[in-house]
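Okay, so here's the structure we're looking at.
Values in this text are rule-based calculations from the coordinates and carry no lab data. Keep in mind it's a predicted model, so treat the numbers as computed, not measured. In this analysis, Cβ positions are derived from the backbone assuming ideal geometry, glycine residues included, and neighbour counts consider all displayed protein chains.
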């Protein structure tokens with residue numbers, strides 16, 4: 001650490017990256033933002049965050065267009081790009097900013113989304129977080145944080161980390177609830193137990209919200225069977241969830257207000273969906289263990305086809 | 001038979017019913033048309049058939065609104081309604097026209113679509129046909145027959161029938177190629193081997209035509225796996241297809257011009273899809289034999305959900 005307060009480069013100026021970047025800056029970190037499409041607006045005005053936890057204005061210490069403009073390597077590179085490995089080479093995007101002591105910190109959906117950077121930077125610490133948050137970029141330079149915000153942070157592929165503790169302290173200071181885990185993979189698996197059925201079926205089931213999916217007997221049954229397949233993969237990787245996990249998710253989802261998933265939001269906007277993060281990597285993990293997951297594989301095939309028209 | 005030429009009541013004034021009704025009339029049968037939404041136009045003007053085999057004008061001997069107007073029971077009731085058992089009670093629609101010697105003749109997609117009428121009229125002969133045809137109702141009273149036209153006719157659930165021979169002769173006289181089978185169920189299974197993957201994936205894969213489905217590696221694999229599941233059900237019901245059936249279908253479909261399936265046409269028009277004819281009855285047949293067909297079942301759940309918004 002070059003100073004008391006860490007230097008952080010945020011890569012990916014979408015809602016998640018700029019929200020957590022803003023929070024880290026509010027706790028005193030020196031935050032640089034790598035930003036392409038919104039560069040001019042953000043450089044001029046910073047980012048306005050309208051938040052249920054109190055509005056804030058985020059003026060990055062610098063706004064840059066590519067990692068080579070970063071100068072001295074930061075303590076952290078926060079990767080908050082959408083995970084689209086077929087389109088985006090994350091390692092190439094961040095390479096010029098990575099020094100020997102830089103930790104690469106992923107806040108992204110899905111599973112094994114850290115693998116490419118772990119392979120590209122084998123001597124750097126990889127940190128990984130799952131975000132439970134509703135936040136939307138409403139316009140260039142404007143965010144709306146409407147619900148939740150909690151993070152679970154751990155080292156990839158597992159274990160503890162002093163720098164994860166440092167992030168946790170910064171997040172807590174900024175008002176973001178942040179927990180540390182020594183098994184981030186388990187956290188990711190548990191989130192996928194929900195994300196696989198609800199994200200996939202929302203798109204494939206003709207623009208369905210969570211309530212419609214649960215009210216239809218056949219798609220409700222399918223959701224539970226998909227959850228079982230995800231739990232089976234998780235168990236094959238040494239993470240077994242309690243027997244009531246699926247039932248608890250069903251009860252919880254029934255109580256939620258009808259919710260439109262992030263995958264459906266992307267689909268309706270004609271944007272590429274996170275098919276590889278949520279299904280593709282999971283299918284490959286199942287392949288390695290020779291697991292039979294016909295339902296997940298069926299959804300993966302259908303979504304891969306459905307995704308073909310996205311504006312890539 | 002009350003005369004040399006049979007009396008036929010056609011129920012369902014869509015493209016398929018009116019096309020084959022027109023052909024039977026052209027061969028000399030006395031054809032009455034039961035017609036609801038297009039009643040006035042058809043009663044006044046009959047039906048204009050623009051056909052690759054030669055245009056023709058079809059003036060039904062009578063146009064009626066309900067079966068009770070039929071008078072003396074006809075020799076045949078040709079059922080060419082869409083198979084939507086959740087919405088349409090076919091037995092009730094035709095009951096008033098069924099006499100002791102009336103044969104009920106289904107020209108419909110799917111499998112076990114004859115079951116309800118067979119149960120409702122246990123003493124009547126049930127005939128069943130699979131149509132290989134491209135024909136569209138372009139406006140009330142107007143049909144466009146653009147390709148194919150062949151029929152395969154048999155007795156349900158199996159066996160031979162003199163009245164099927166009579167239909168065959170009429171169709172052949174009218175220029176329609178018509179073959180007789182003593183195992184119509186096998187014909188239906190074979191057609192489903194194609195219809196299950198291509199109809200379902202066309203809707204679920206974001207408005208995909210056959211070429212898009214085959215160009216995407218994952219959905220192409222899925223198509224073949226679905227075909228295997230259909231073949232497995234067929235085999236459990238005593239109809240085993242040759243080993244090259246799936247490969248032959250794939251080769252044939254690759255050679256076709258990109259084709260938009262009937263299920264996708266209905267979906268895009270906001271009309272109910274034939275989910276029960278093509279998937280639901282098949283799933284129930286697999287259930288009876290305790291077969292594991294996870295991929296077909298997944299499609300059934302998704303399509304059942306996707307169908308919920310149709311104008312029913």
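For helix B:184-204, what angle does its Cα long axis make with the longest principal axis of chain B, in degrees from 0 to 90 and rounded to 10?
Once rounded, one gets 60 degrees.
For B:276, B:235, B:48, what's the fewest-to-most ordering of other Cβ within 10 Å of each Cβ?
Taking fewest neighbouring Cβ atoms as first place, the list is B:235, B:48, B:276.
Name the most mobile residue of B:300, B:156, B:259, meaning the one with the largest mean-square fluctuation, in a Gaussian network model of chain B with Cα contacts below 10 Å.
B:259
Considering all projection directions equally, how large on average is the shadow of the alpha-carbon convex hull of the range A:149-220, in square nanometres?
Quarter of the Cα hull surface area: 6.2 nm².
Output the relative contact order of the range B:242-312, whole-number percent, from Cα pairs under 8 angstrom with separation of 6+ residues.
Relative contact order of the range B:242-312: 36 percent.
Counting only DSSP beta bridges with both residues in chain A, tell me the antiparallel percent, nearest 5.
Taking every DSSP beta bridge with both residues in chain A, the antiparallel ones total about 35 percent.
Taking a point 7 angstrom from the Cα of residue A:72 along the C-beta vector, which residues in the range A:27-54 have backbone N less than 14 Å away?
A:30-31
Determine the gain in length on full extension of the stretch residue A:228-residue A:240; use 0.36 nm per residue of separation and subtract their C-alpha separation, reporting nm with one decimal.
Between residue A:228 and residue A:240, full extension yields 3.2 nm more.
For the range B:252-312 and the range B:195-223, what is the centre-to-centre distance using only Cα atoms, to the nearest Å?
About 12 Å separates the Cα centre of the range B:252-312 from the one of the range B:195-223.
Treat chain B as a sphere of radius equal to its Kirkwood radius over Cα pairs and apply Stokes-Einstein at 25 °C in a medium of 0.890 mPa s; give the translational diffusion coefficient in µm²/s, rounded to a whole number.
123
Return P(r) of the range B:7-182 (all Cα-Cα pairs; 10 Å bins starting at 0; whole %; ordered from short to long distances).
Using 10 Å bins, I get a P(r) of 10, 43, 38, 9, 0 for the range B:7-182.
Rounding to the nearest 10 and keeping the result within 0 to 90°, find how far the Cα-based axis of helix B:294-306 lies from the longest principal axis of chain B.
60
Could you work out which residue, out of B:19, B:132, B:198, moves most in a Gaussian network model of chain B, that is, has the largest mean-square fluctuation with Cα springs under 10 Å?
Highest fluctuation of the listed residues: B:132.
What FRET efficiency, computed as 1/(1 + (r/R0)^6) with R0 = 22 Å and r the Cβ-Cβ distance, is obtained for residue B:52 and residue B:207, rounded to the nearest 0.05?
0.25
Which distances in nm, rounded to one decimal and ordered from shortest, link the label point of residue B:172 to the equivalent label points in the other identical copies, with labels set 7 Å from Cα toward Cβ?
Reported distances to equivalent positions: 8.8 nm.
For residue B:132, place a label point 7 Å out from Cα along the Cα→Cβ vector, do the same in each other copy, and report the separations in nm, one decimal, smallest first.
5.7
Using a Förster radius of 41 Å, what is the FRET efficiency between residue B:119 and residue A:120 based on their Cβ-Cβ separation? Nearest 0.05, please.
That gives a FRET efficiency of 0.05.
Pick from A:90, A:102, A:253: which is most flexible by mean-square fluctuation in a GNM of chain A where alpha carbon atoms under 10 Å apart are linked?
Per the Cα network of chain A with a 10 Å cutoff, A:253 tops the list.
Taking the Cα centre of each part, how many Å lie between the range A:88-112 and the range A:1-50?
16
When only C-alpha pairs under 8 Å and at least 6 residues apart count, what is the relative contact order of chain B, in percent?
So the answer I get is 15 percent.
For the range B:7-182, what's the relative contact order in percent, using C-alpha pairs closer than 8 Å and at least 6 residues apart?
The value is 23 percent.
Quick one: pull the percentage of alpha-carbon pairs in the protein assembly as shown with a separation above 38 Å.
The calculated P(r) of the protein assembly as shown puts 45 percent of pairs beyond 38 Å.
How many nm is it between the label spots at residue B:92 and residue A:309, if each spot is 7 Å from the Cα in line with the beta carbon?
Once both label points are built, they end up 3.7 nm from each other.
What gaps in nm, shortest first, separate residue B:91 from its twins in the other copies when you place the label 7 Å past Cα toward the beta carbon?
6.6
For the protein assembly as shown, what proportion of DSSP beta bridges, expressed in % and rounded to the nearest 5, is antiparallel?
35
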